[in-house]
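**Student:** Have a look at this one.
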Amino acid sequence: MDSLIHDLIADEDRLILVVGGAIAIIWIVVGTVGKVFTNTSRERTKREIAAYIAEGSISPEQGERLVKADRPKGCC
């Protein structure tokens, strides 16, 4: 393991590729996790609005307006 690290550091081209690849993988993972949290929050909000409509706290029209307001800009 120790010799692998020394070989990697000695070969600058390979080191740049490994570091760049690691940064790309981390960027993809963080972006994916962020999208999952965003979608989970959006779905939770829709369920809560549906529950308020079911118990009669808000009207279906108000719920529809709230769901439409939750959509991100540029979405359908």
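**Student:** What tally of residues in the range 7-45 results from selecting those that are over 30 Å from Gly63 (Cα atoms), in a helix (DSSP H, G or I) and charged (D, E, K, R)?
**Tutor:** 4
**Student:** Here's something else I'd like to know. Just to be sure I understand, how many residues within the range 1-39 are β-branched (Val, Ile, Thr), at pLDDT below 95 and surrounded by 10 or more Cβ atoms within 10 Å (Cβ to Cβ)?
**Tutor:** Counting residues in the range 1-39 that are β-branched (Val, Ile, Thr), at pLDDT below 95 and surrounded by 10 or more Cβ atoms within 10 Å (Cβ to Cβ) gives 5.
The values are calculated or read from the model by the stated rules, or taken from the named source; none is laboratory data. Quantities reported herein were computed from a predicted structural model and do not represent experimental measurements. All Cβ positions, glycine included, derive from the backbone under ideal geometry; neighbour counts span all protein chains shown.
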